[in-house]
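Here's the structure we're looking at; comments come further down.
The values are calculated or read from the model by the stated rules, or taken from the named source; none is laboratory data. The model shown is predicted, which means the values in this text are computed figures rather than measured ones. Positions of Cβ are backbone-derived with ideal geometry, glycine not excepted, and every protein chain shown enters the neighbour counts. Side chains are part of the model used for accessible areas, which takes the heavy atoms of the whole protein and leaves out ligands, DNA and RNA. Shrake-Rupley method; radii C 1.70, N 1.55, O 1.52, S 1.80 Å.
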Amino acid sequence: QVQLVESGGGLVQTGGSLRLSCAASGRTFSSYAMGWFRQAPGKKREFVAGISWTSTYYADSVKGRFTISRDNAKNTVYLQMNSLKPEDTAVYYCAGDRVPWRVAQSEADFGSWGQGTQVTVSS
């Protein structure tokens, strides 16, 4: 099991940017896929972006605006969010895959979750 701690959320105006960070501890970091999910009020949690050891992948709603990256030396994954829209408002969660060496995108693939960080985009 890995421990995950998110940071970087906040309030931003439409069109603004934020960078979320997720610090991991407790296991070898580099071999596991990491993901970002979000949950808006009254809605189900949804996949936002993921990164394996070789590739990145995104939900259609954030392609071209969000970028996921990782620094294995720092055991940290990032989500750079640009051109933010009010519909991006949600609690954002960092997640770690259950098994190494694969691409993970389904919520069921991820066994470790952070506490969440609030992102609010004002119109």
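Summary of computed values
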read-out: When residues of region 15-30 are limited to those that are of a type outside the set (D, E, K, R) and in a strand (DSSP E or B), the one modelled with the lowest pLDDT; value: Ser25
read-out: Residue within region 40-50 that is open to solvent by 20 Å² or more (accessible area, probe 1.4 Å), of a type in the set (Asp, Glu) and in contact (Cβ under 8 Å) with a residue 40 or more places away in the chain present; value: no
read-out: Test: residue in region 81-88 that is part of a strand (DSSP E or B), closer than 13 Å to Val12 by Cβ and in contact (Cβ under 8 Å) with a residue 40 or more places away in the chain; value: yes
read-out: Pairs, first in contact (Cβ under 8 Å) with a residue 60 or more places away in the chain in region 12-27, second among the basic types (Lys, Arg) and not in a strand (DSSP E or B), C-beta under 8 Å, six or more apart; value: Thr14/Lys85
read-out: Any hit, region 90-111, residues being among the polar types (S, T, N, Q), open to solvent by less than 70 Å² (accessible area, probe 1.4 Å) and under 19 Å from Glu6 (Cα atoms); value: no
read-out: Subset of region 64-79 [free of Cβ contacts under 8 Å to residues at least 24 places away in the same chain, open to solvent by 50 Å² or more (accessible area, probe 1.4 Å), in a loop (DSSP other than H, G, I, E, B) and touching a strand residue (DSSP E or B) at 6+ places or on another chain (Cβ under 9 Å)]; value: Gly64
read-out: Any chance Arg45 is in contact with a helix residue (DSSP H, G or I) (Cβ under 7 Å, 6 or more places away or on another chain), at negative phi and modelled with pLDDT of 95 or more; value: yes
read-out: Number of positions in region 112-123 that are more than 14 Å from the chain's Cα centre (by Cα), modelled with pLDDT of 95 or more and exposed (fewer than 15 other Cβ atoms within 10 Å of the Cβ); value: 1
